[in-house]
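Mind looking over this structure? Questions follow.
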Amino acid sequence: MHTPTDEQVHAIDTFRDGHHLVLQAGAGTGKTSTLGMLAASTARRGRYLAFNKDIANDAAGRFSRSVLCKTAHATAYAAVGYRFARRLNSPRRPAWRIGQALGITSPVRIGVHEISPRVQSQTVLSTVARFCQSADRFPAPHHVPMLRRLGAPDERAQLAEIVMPFVEKAWKDLQNPEDGAVRFDHDHYLKLWALT
């Protein structure tokens, strides 16, 4: 092991004192090496969450056995995702069919624009996806994506008012491990895990 830099010594001291710590640096600047030093400085067990499996496998070779190296998705699957295994990788269905199952059956008018059930359905699914990629605890109107033709703030607010009940219904559907109308994917169990 190489001699730690001043920044690495500071990180190790902060870690040993039991304080929270964030390592923020560019690629290849020694973050993983620093984490290896932190792991070597304690008898406690730890967990290294990586963005992808290759990084997790590489880290597993660099850390002691006291550090479990996994992706966030693998960790989430082990915690909650396995309960949804039967819904994962279900056949793709068109958004309009999912929308029909959620109760979206007729066009709506916002100003001079008619919003078809297909567009409403796609908006609901996009809203759920944006919620899953957020740190928020509940789906909210700010997750509703902008539609090009609805540029005015009041039009966007009307769209959110129309789709949010269906977004909530879709999110509830996704929390059922047995069956549902909305196609369940890996980001859904990652969000469910993040909310625990």
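The values are calculated or read from the model by the stated rules, or taken from the named source; none is laboratory data. Bear in mind the structure is a predicted one, so any value in this text is a computation, not a measurement. Ideal geometry is used to build each Cβ from the backbone, glycine not excepted, and the neighbour counts take in all protein chains shown. Ligands, DNA and RNA are excluded from the accessible area calculation, which covers all protein heavy atoms including side chains. Shrake-Rupley method; radii C 1.70, N 1.55, O 1.52, S 1.80 Å.
Between Leu88 and residues 5 or more places away or on another chain, which pairs have amide H atoms under 5 Å apart, with H built 1.01 Å from N, and which residues are they?
The answer is none.
List the trypsin sites (Lys or Arg not before Pro) within segment 118-196 that fall in a DSSP loop (any state other than H, G, I, E or B) and whose Cβ has at most 15 other Cβ atoms within 10 Å.
Loop-located and lightly packed - Arg137, Arg148, Arg149.
Which of Pro141, Pro91, Pro177 moves most in a GNM of the chain, Cα contacts under 10 Å?
Among Pro141, Pro91, Pro177, the largest GNM mean-square fluctuation belongs to Pro91.
Given labels modelled 7 Å from the Cα in the Cβ direction, how far is it in nm from Phe51 to Gln100?
Computed distance between label sites Phe51 and Gln100 equals 4.1 nm.
Same structure, new question: When the scattering of the chain is computed by the Debye formula from its Cα atoms alone, each counted once and equally, what is log10 I(q)/I(0) at q = 0.11, 0.17 Å⁻¹?
-0.68, -1.05
Given 0.36 nm per residue, what is the gain on full extension from Asp6 to Thr42 after removing their alpha carbon distance, in nm?
Full extension of this stretch gives 11.0 nm more.
Could you tell me which helices of the chain pass both thresholds, a Cα extent of 18 Å or more along their own axis and a mean Kyte-Doolittle hydropathy of at least 0.5, with helices taken as whole DSSP H runs?
Membrane-span-like by this rule: not one helix.
Now for a different question. On a C-alpha basis, how far is the centre of segment 1-29 from the centre of segment 88-146 in Å? Whole number, if you could?
Centre-to-centre distance over Cα atoms comes out at 44 Å.
In what order, largest first, do Tyr82, Tyr189, Tyr77 sit by accessible area if the probe radius is 1.4 Å? Can you show the working numbers first?
Values: Tyr82 120, Tyr189 10, Tyr77 80 Å².
Descending accessible area places them as Tyr82, Tyr77, Tyr189.
If you don't mind, another one. Counting only DSSP beta bridges with both residues in the chain, tell me the antiparallel percent, nearest 5.
Restricted to the chain, the bridges split so that about 35 percent are antiparallel.
If the elastic network links every pair of Cα atoms under 10 Å, which of Asp54, Asp185, Asp13 fluctuates the most in the Gaussian network model of the chain?
Largest GNM mean-square fluctuation: Asp13.
Along the charge dipole of the chain, which of Ser41, Phe184, Pro4 sits closest to the positive end, that is, farthest toward it, with unit charges on the beta carbon of Lys, Arg, Asp and Glu (+1, +1, -1, -1)?
Value computed over the given set: Phe184.
Still on this structure, please answer the following. I'd like the accessible area for Ile55: 1.4 Å probe, protein heavy atoms, all chains in place, Å² to the nearest 10.
Its heavy atoms expose roughly 70 Å² to the probe.
From the phi angles alone, apply the Karplus equation (6.51, -1.76, 1.60; θ = phi - 60°) to segment 63-68 and give each ³J(HN,Hα) in whole Hz, x where the residue is Gly or Pro.
9, 5, 5, 6, 10, 8
Take the residue pairs Lys31/Lys191; Lys70/Lys169; Lys53/Lys191 and return only those whose Cα atoms are more than 30 Å apart.
From the list (Lys31/Lys191; Lys70/Lys169; Lys53/Lys191), the Cα-Cα distance tops 30 Å for Lys70/Lys169.
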